[in-house]
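Q: The following block contains the structure, expressed as C-alpha cells.
The values are calculated or read from the model by the stated rules, or taken from the named source; none is laboratory data. Predicted model only: the values in this text are computed from it and were never measured. Every residue, glycine among them, receives a Cβ derived from its backbone with ideal geometry; neighbour counts consider all protein chains shown.
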C-alpha cells in the first residue's frame, strides 16, 4: 500500500513538473524582446525637408537644370555669402514667363520644363516650382519708389490659360514635386504688386476689392485643380486661404484645419503657406495682414492671423525664406531672438539657403544653426522597439515602436510605412505594410503598435523599417526614403532602417 501511494505521488509530481516546463517553454517562445536605440547627432539629407537650393530660369533665355549638379546637393554645399553649409534634397525652381505675358506657352518651353523634372528625378531631389512673369522691381516716382507700376504680370485670362497648359506636366511629375507655390500674379509671383489682381500697396488702392478676391480665388482654384490631390499648393498670405475656403467676407478668426480634416486631400487640406519674409517685421512684411475688401478697410491682424497660421500649419506644408535683417534681435537665436521657436510654432519644413544670409548667418554666430538644420521638417529617432522573438509560421508579427520626432513638424506628404523581413539564409524579402500614417507622427513621442500578418516560412528573419516614397517610379530609390536619426540603423544601399532584431520562425 505504501509503495502504491509513493508511486502515485511520483506520477503526480512528474505530471506537475511536465506541465510547468511546457508553460515555461511557451512563455519563452512568446516573450517579446525590447531593443533600445541610440539617437544620432548627425545632419544628413532626408526627403521634402531642410534648406533648399535656389534656381531660376527665364523663358527668354532658358537655363536647364543639370542632374549631376543637383545630385551634389546631397553633400555639404555653401551658398554665396553663407557662413554655413547644408545638405539638401529640395530645389526651388523659378520659371519666369517673361515672354508669355500675353501669349500661350510655347511647346519648346514646355519641353524644357519637362526636362527639368526629369533631371530632378535622375538626381534624387524634388522641386518646389513657382511660375511668375516678372521678378523685376522698377524704381520710379511713386509712393513706394523702389517699385512702381506697371509691374509686368499677366491678365487672369492669360494666367488661367497657362495653368491649363501646365496641368499635364504637373500631373505627370507629381513624384518629384514636393509642393507647388501659387505664383503667377504679382512681382516675384508673391501676389502683391499686381497690374491685374489688385494693388494693395500705397502705389494704388492700398487694399483688395471684392473683384480682386474673386479673381485671386479663381486662380488658386485652377492651381488646385491642375495639381494632383497629393500635392499641396502654397499661398503667400494666410488670409488668402481663409477667403478661398470661407468667401471674400471671411473674418480673420475663422476656424483652421482640424485634425479630422487634415490630410483628407480636400482643397482646404491642401493649401499651405510660403512666408518669404520670415521674421522680417512684426507682420513679416504684410504676411499677417487683413487686406480688407470692398466694404472693409485694410487693417493689421497680426495676433489673430498668427494664431490661425500656427494652428492650421500643423497639417500643411510651410516654407519660405528670410528677407531682411531689420527685425534683429527678434530674428536671431535665443535668448535675445525667437527664430527657432518661431519655426517650431509655425511648423516650418524648409527654408532658402541662398537668401537672406544677413539673417541666416546670424544663426551661425548665435549658435542655433545646427539645430535649425536638423529640425526643419521632421526628424525621427527610434527610442525603443519591442518585437516578437520566436513564432510559428502562421502567427502574427507583433511590433511596438517608440519614436521621437524632434523636428518642427511632421511630413506633409503620405508615404508607406513598411516592416521589411529578410531571411538571413536565403535573402528572401517579405514586406508588411503598417496602418500608421507618417504624416501624423507629430513632434514629440509617437507610439506605433501593430500586429501584422505572418505567413513566414521557417527560418531566421531580420527586421527593417522602410519609409519609401509613394511614387511608383521612385519608391525603390534610397534617396527618396526617410532615414531615421539613429546610430547603426541606416542601410544606404536599400534605404532601409535596420531594427537590429531577428525573429525565429518555427
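Q: Does residue 449 satisfy the criteria of being free of Cβ contacts under 8 Å to residues at least 60 places away in the same chain, assigned by TED's automatic domain parsing to the domain that holds residue 388 and within 16 Å of residue 465 (Cα to Cα)?
A: Values: free of Cβ contacts under 8 Å to residues at least 60 places away in the same chain: yes; assigned by TED's automatic domain parsing to the domain that holds residue 388: yes; within 16 Å of residue 465 (Cα to Cα): yes.
Criteria met by residue 449.
Q: Still on this model: Does region 293-302 include one or more residues that are in contact with a helix residue (DSSP H, G or I) (Cβ under 9 Å, 6 or more places away or on another chain), outside any loop (DSSP other than H, G, I, E, B), in the same structural domain as residue 206 (by TED's automatic domain parsing) and modelled with pLDDT of 95 or more? Lay out the reasoning, then the answer.
A: Going through region 293-302, the residues in contact with a helix residue (DSSP H, G or I) (Cβ under 9 Å, 6 or more places away or on another chain) turn out to be 293-295, 301.
Those left that are additionally outside any loop (DSSP other than H, G, I, E, B): 293.
Checking the rest, the ones that are also in the same structural domain as residue 206 (by TED's automatic domain parsing) come to 293.
Then keep just the ones that are modelled with pLDDT of 95 or more; that gives 293.
Yes, some residue in region 293-302 is in contact with a helix residue (DSSP H, G or I) (Cβ under 9 Å, 6 or more places away or on another chain), outside any loop (DSSP other than H, G, I, E, B), in the same structural domain as residue 206 (by TED's automatic domain parsing) and modelled with pLDDT of 95 or more.
Q: Just the residues that are crowded, with 21+ Cβ neighbours inside 10 Å and free of Cβ contacts under 8 Å to residues at least 12 places away in the same chain, please, taken from region 336-393.
A: Answer for region 336-393, where residues must be crowded, with 21+ Cβ neighbours inside 10 Å and free of Cβ contacts under 8 Å to residues at least 12 places away in the same chain: there is none.
Q: Being under 27 Å from residue 234 (Cα atoms), free of Cβ contacts under 8 Å to residues at least 60 places away in the same chain and touching a strand residue (DSSP E or B) at 6+ places or on another chain (Cβ under 9 Å): is that true of residue 321 here?
A: On the way: under 27 Å from residue 234 (Cα atoms): yes; free of Cβ contacts under 8 Å to residues at least 60 places away in the same chain: yes; touching a strand residue (DSSP E or B) at 6+ places or on another chain (Cβ under 9 Å): yes.
Yes; evaluated as a whole, the condition is true for this residue.
Q: Further question: Looking at region 420-427, is at least one residue over 17 Å from the mean Cα position of the chain (by Cα), more than 30 Å from residue 368 (Cβ to Cβ) and free of Cβ contacts under 8 Å to residues at least 24 places away in the same chain?
A: yes
Q: What residue, of 454, 471, 488, is surrounded by 17 or more Cβ atoms within 10 Å (Cβ to Cβ), more than 18 Å from the chain's Cα centre (by Cα) and in a loop (DSSP other than H, G, I, E, B)?
A: Details: 471 fails: more than 18 Å from the chain's Cα centre (by Cα); 488 fails: surrounded by 17 or more Cβ atoms within 10 Å (Cβ to Cβ).
Just a single option satisfies the conditions, and that option is 454.
Q: Let me ask something else about it. Go through region 58-76 residue by residue and tally those that are touching a strand residue (DSSP E or B) at 6+ places or on another chain (Cβ under 7 Å) and in contact (Cβ under 8 Å) with a residue 40 or more places away in the chain.
A: Selection size over region 58-76: 5.
Q: Sticking with this one: Among the residues of region 38-75 satisfying the criterion of being in a strand (DSSP E or B) and within 16 Å of residue 479 (Cβ to Cβ), which is nearest to the chain's Cα centre (by Cα)?
A: Step one: list which residues in region 38-75 are in a strand (DSSP E or B), which gives 39, 50-58, 61.
Filter once more, so that each one left must be within 16 Å of residue 479 (Cβ to Cβ): 50, 52-53.
Details: 50: 9, 52: 12, 53: 15 Å.
Only one residue fits best here, namely 50.
Q: Follow-up. Given the residues 116, 80, which is the only one that is surrounded by fewer than 14 Cβ atoms within 10 Å (Cβ to Cβ) and touching a residue at least 12 places away in the same chain (Cβ under 8 Å)? I'd like the intermediate steps shown before the answer.
A: On the way: 116 fails: surrounded by fewer than 14 Cβ atoms within 10 Å (Cβ to Cβ).
Only one candidate qualifies: 80.
Q: Might you let me know whether region 176-184 holds any residue that is in a helix (DSSP H, G or I), touching a strand residue (DSSP E or B) at 6+ places or on another chain (Cβ under 7 Å) and within 24 Å of residue 235 (Cβ to Cβ)? Please lay out each step first, then the result.
A: Quick first cut of region 176-184, residues in a helix (DSSP H, G or I) only: 176.
Retained after the next criterion (residues that are touching a strand residue (DSSP E or B) at 6+ places or on another chain (Cβ under 7 Å)): 176.
The next check asks that each one be within 24 Å of residue 235 (Cβ to Cβ); those that pass are 176.
Scanning region 176-184 turns up at least one residue that is in a helix (DSSP H, G or I), touching a strand residue (DSSP E or B) at 6+ places or on another chain (Cβ under 7 Å) and within 24 Å of residue 235 (Cβ to Cβ).
Q: Any residue at all in region 170-179 that's over 21 Å from the mean Cα position of the chain (by Cα), in the same structural domain as residue 233 (by TED's automatic domain parsing) and free of Cβ contacts under 8 Å to residues at least 60 places away in the same chain? Give the derivation first.
A: So in region 170-179, the residues over 21 Å from the mean Cα position of the chain (by Cα) come out as none.
For region 170-179, residues over 21 Å from the mean Cα position of the chain (by Cα), in the same structural domain as residue 233 (by TED's automatic domain parsing) and free of Cβ contacts under 8 Å to residues at least 60 places away in the same chain: absent.
Q: Within the group 358, 332, which residue is assigned to a helix (DSSP H, G or I), modelled with pLDDT of 95 or more and over 22 Å from the mean Cα position of the chain (by Cα)? Steps first, answer last, please.
A: Values: 332 fails: assigned to a helix (DSSP H, G or I).
Going through 358, 332 in turn, just one is assigned to a helix (DSSP H, G or I), modelled with pLDDT of 95 or more and over 22 Å from the mean Cα position of the chain (by Cα): 358.
Q: Does at least one position in region 380-397 carry a residue that is within 24 Å of the chain's Cα centre (by Cα) and more than 15 Å from residue 436 (Cβ to Cβ)? Please lay out each step first, then the result.
A: Keep residues of region 380-397 that are within 24 Å of the chain's Cα centre (by Cα), which gives 380-383.
Still in the list and also more than 15 Å from residue 436 (Cβ to Cβ): 381, 383.
Yes, that holds for at least one residue.
Q: Of the residues that make up region 87-98, is at least one surrounded by fewer than 21 Cβ atoms within 10 Å (Cβ to Cβ), outside the structural domain of residue 480 (by TED's automatic domain parsing), in contact (Cβ under 8 Å) with a residue 12 or more places away in the chain and over 21 Å from the mean Cα position of the chain (by Cα)? Let's see the steps before the verdict.
A: Keep residues of region 87-98 that are surrounded by fewer than 21 Cβ atoms within 10 Å (Cβ to Cβ), which gives 87, 94, 98.
Subset that is outside the structural domain of residue 480 (by TED's automatic domain parsing): 87, 94, 98.
Subset that is in contact (Cβ under 8 Å) with a residue 12 or more places away in the chain: 87, 94, 98.
Still in the running and over 21 Å from the mean Cα position of the chain (by Cα): 98.
Within region 87-98 (the criterion being surrounded by fewer than 21 Cβ atoms within 10 Å (Cβ to Cβ), outside the structural domain of residue 480 (by TED's automatic domain parsing), in contact (Cβ under 8 Å) with a residue 12 or more places away in the chain and over 21 Å from the mean Cα position of the chain (by Cα)), the answer is yes, since at least one residue qualifies.
Q: Additional query: Determine if region 127-134 includes at least one residue that is in a loop (DSSP other than H, G, I, E, B) and at pLDDT 95 or above.
A: Kept after step one, since they are in a loop (DSSP other than H, G, I, E, B), are these residues of region 127-134: 133-134.
Now narrow it down to the ones that are at pLDDT 95 or above: 133-134.
So far as region 127-134 goes, yes, one or more of its residues are in a loop (DSSP other than H, G, I, E, B) and at pLDDT 95 or above.
Q: Between 502, 445, which is at pLDDT 95 or above, more than 20 Å from residue 403 (Cβ to Cβ) and assigned to a strand (DSSP E or B)?
A: Numbers: 445 fails: more than 20 Å from residue 403 (Cβ to Cβ).
Being at pLDDT 95 or above, more than 20 Å from residue 403 (Cβ to Cβ) and assigned to a strand (DSSP E or B) holds for just one of 502, 445, which is 502.
Q: Of the numbered conditions (1) buried (at least 18 other Cβ atoms within 10 Å of the Cβ); (2) in contact with a helix residue (DSSP H, G or I) (Cβ under 8 Å, 6 or more places away or on another chain), residue 465 fails exactly one; give the number of that condition.
A: Going through (1) buried (at least 18 other Cβ atoms within 10 Å of the Cβ); (2) in contact with a helix residue (DSSP H, G or I) (Cβ under 8 Å, 6 or more places away or on another chain) one by one, residue 465 breaks only (2).
Q: In addition: Do we find that residue 7 is modelled with pLDDT of 95 or more and either touching a strand residue (DSSP E or B) at 6+ places or on another chain (Cβ under 7 Å) or not assigned by TED's automatic domain parsing to the domain that holds residue 495 (or both) in this structure? Before you say what the answer is, go through the steps one by one.
A: Details: modelled with pLDDT of 95 or more: no; either touching a strand residue (DSSP E or B) at 6+ places or on another chain (Cβ under 7 Å) or not assigned by TED's automatic domain parsing to the domain that holds residue 495 (or both): yes.
In short, no.
One line per residue, one yes/no per condition, for (1) more than 22 Å from residue 89 (Cα to Cα); (2) modelled with pLDDT under 95; (3) touching a helix residue (DSSP H, G or I) at 6+ places or on another chain (Cβ under 9 Å):
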{"position": "405", "(1), (2), (3)": "no, no, no"}
{"position": "412", "(1), (2), (3)": "no, no, yes"}
{"position": "428", "(1), (2), (3)": "yes, no, no"}
{"position": "472", "(1), (2), (3)": "no, no, yes"}
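Q: Still on this model: Please state which one of 284, 204 is in the same structural domain as residue 317 (by TED's automatic domain parsing) and either over 26 Å from the mean Cα position of the chain (by Cα) or touching a residue at least 12 places away in the same chain (Cβ under 8 Å) (or both). Give the steps one after another, and end with the answer.
A: Values: 284 fails: either over 26 Å from the mean Cα position of the chain (by Cα) or touching a residue at least 12 places away in the same chain (Cβ under 8 Å) (or both).
Selected residue: 204, the only one of 284, 204 that is in the same structural domain as residue 317 (by TED's automatic domain parsing) and either over 26 Å from the mean Cα position of the chain (by Cα) or touching a residue at least 12 places away in the same chain (Cβ under 8 Å) (or both).
Q: Name the single residue that is surrounded by the fewest Cβ atoms within 10 Å (Cβ to Cβ) among those in region 139-169 being part of a loop (DSSP other than H, G, I, E, B) and without any contact (Cβ under 8 Å) to a residue 12 or more places away in the chain.
A: The initial filter retains those residues of region 139-169 that are part of a loop (DSSP other than H, G, I, E, B), namely 139-155.
Right, trim to without any contact (Cβ under 8 Å) to a residue 12 or more places away in the chain and you get 139-141, 145-146.
Working: 139: 10, 140: 12, 141: 6, 145: 10, 146: 9.
Among those that are part of a loop (DSSP other than H, G, I, E, B) and without any contact (Cβ under 8 Å) to a residue 12 or more places away in the chain, it is 141.
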